[in-house]
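The values are calculated or read from the model by the stated rules, or taken from the named source; none is laboratory data. Owing to the predicted nature of the structure, the values given are computational and were not obtained by experimental measurement. When we count neighbours, we look across all protein chains shown, and the Cβ atoms used for this are built from the backbone with ideal geometry, even at glycine.
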Amino acid sequence: MSKSGQKPAWTPAEAGEAFASKVIPGDTAVPPSPHSVTPPPRRNHLTTKEYAQGVLSGDRATLARAITLIESNAPRHFDQAQELLRQILPHTGSAIRVGITGVPGAGKSTLIETLGVMLCQKGHKVAVLAVDPTSSVSGGSILGDKTRMEQLSQEENAFIRPSPTGGALGGVARKTREAMLLCEAAGFDVILVETVGTGQSEIAVRSMVDFFLLLLVPGAGDELQGIKKGVVELADAILINKADGENKIRAQAARAEYNRALHYLTPATAGWRTRAYTGSALTGAGIEHLWAVIERFREKATVSGVWQARRREQAREWLHSLLAEQLHEWFYGLTAVQQALPQIEQDVMSDALPATAAARQLFQIIQNQFPF
Ligand SMILES: Nc1nc2c(ncn2[C@@H]2O[C@H](COP(=O)(O)OP(=O)(O)OP(=O)(O)O)[C@@H](O)[C@H]2O)c(=O)[nH]1
Ligand SMILES: [Mg+2]
């Protein structure tokens with residue numbers, strides 16, 4: 001076709017050469033850019049299929065966007081996020097999920113940096129997530145950590161994601177759990193979940209991991225570390241961290257002391273004895289051994305079936321906690337409840353009505369609305 005152009009199809013048949021409109025053929029199509037196949041195009045909106053394909057192919061940018069999608073509180077994102085999770089679910093479950101807790105400053109992030117780099121060098125793909133219900137206030141401690149975990153964040157096989165911010169612990173934990181599934185679908189085979197030692201968040205993390213590690217520092221009394229017996233009972237191992245320099249002797253004494261105490265406690269995992277170890281996240285001493293303990297745990301628990309049973313039980317518990325959360329939201333969102341509650345609260349506060357009777361009265365109102 002000549003560059004001078006053709007008459008367009010709608011040109012009147014009798015139009016002569018004076019007719020002004022002409023169609024000029026364009027140049028042949030631009031060759032596809034090397035980036036146009038994967039990752040998916042950088043648009044505001046990806047289809048669920050694009051998200052799923054991107055995640056399953058291990059594309060980190062899509063993984064990060066998929067986590068943002070599941071973290072979104074916008075109702076319009078919810079259905080797509082859930083459909084995405086449904087699609088990737090068959091590709092999850094093969095990673096080892098490790099929870100790490102300890103009071104602020106115990107060395108959790110330093111340990112994750114050292115352990116994470118070590119695991120990447122062994123050929124693992126390591127994802128680091130966090131549950132930090134306070135992070136809406138502080139801006140997320142792991143966010144600062146991302147710059148602190150300098151070496152790990154440069155590893156090609158590592159993925160670091162700060163804690164979801166805002167909302168109650170339940171919501172934060174749900175988002176981290178779903179992010180974990182996305183990371184597994186993207187091929188990460190070790191998931192490290194850091195949480196601050198605040199009590200409730202440890203229980204939330206324990207309910208989503210296979211192995212739970214408690215970090216302690218020698219010298220500080222238990223009261224100082226805010227460690228309750230309950231948290232020790234959740235742990236599959238205790239690492240007395242900072243066992244370097246002058247601290248070494250004190251760390252060894254603390255290890256012996258904890259091992260004695262652990263003898264009298266019910267282990268967190270049936271058939272496994274929780275023990276205390278010493279190590280240094282800073283120098284790396286004892287960290288190889290710590291990983292060997294975790295691998296031995298996986299082996300033993302898989303053979304005994306405890307591993308699989310825990311995963312199934314966690315899924316069941318998760319369902320129930322989601323149901324409880326939704327019921328709670330639904331109940332307090334009902335107009336009838338919102339109308340009746342202030343008066344009922346008043347009656348309870350002024351001792352005009354016992355709390356039990358008040359709760360029943362409120363349920364009666366709902367039952368009258370929904371006779372079932
Ligand atoms: N000597 C020594 N110092 C350590 C060790 N591990 C961590 N530290 C130091 O302890 C401080 C706190 O370490 P982090 O890894 O940030 O502690 P964290 O538990 O993640 O703290 P939060 O995120 O605030 O809860 C840093 O200054 C570290 O360098 C260790 O094994 N030995
Ligand atoms: Mg930290």
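Looking only at residues in the stretch 313-332 that are without any contact (Cβ under 8 Å) to a residue 40 or more places away in the chain and among the charged types (D, E, K, R), the one that is nearest to T269 (Cα to Cα) is E313. Residues that are among the small types (G, A, S) and within 16 Å of ligand 1 (Cβ to nearest atom): does the stretch 78-98 have at least one? The answer is no, given that none of the residues of the stretch 78-98 is among the small types (G, A, S) and within 16 Å of ligand 1 (Cβ to nearest atom).
State whether one or more residues within the stretch 177-190 are farther than 15 Å from A235 by Cβ, within 16 Å of ligand 2 (Cβ to nearest atom), not in a helix (DSSP H, G or I) and not acidic (D, E). Checking the stretch 177-190: not a single residue is farther than 15 Å from A235 by Cβ, within 16 Å of ligand 2 (Cβ to nearest atom), not in a helix (DSSP H, G or I) and not acidic (D, E). Checked against (1) assigned to a helix (DSSP H, G or I); (2) modelled with pLDDT under 85, T198 meets all criteria but (1).
Of all residues in the stretch 325-347, those that are part of a helix (DSSP H, G or I) and either of a type in the set (A, V, I, L, M) or in contact with a helix residue (DSSP H, G or I) (Cβ under 7 Å, 6 or more places away or on another chain) (or both) total 9. Here L323, L334, L290, L234 are screened, and the one residue that is within 30 Å of F363 (Cα to Cα), surrounded by 13 or more Cβ atoms within 10 Å (Cβ to Cβ) and either at pLDDT 90 or above or among the small types (G, A, S) (or both) is L334. Of the residues making up the stretch 102-133, those that are at negative phi, more than 13 Å from ligand 2 (Cβ to nearest atom) and assigned to a loop (DSSP other than H, G, I, E, B) are K122, H124, K125, P133.
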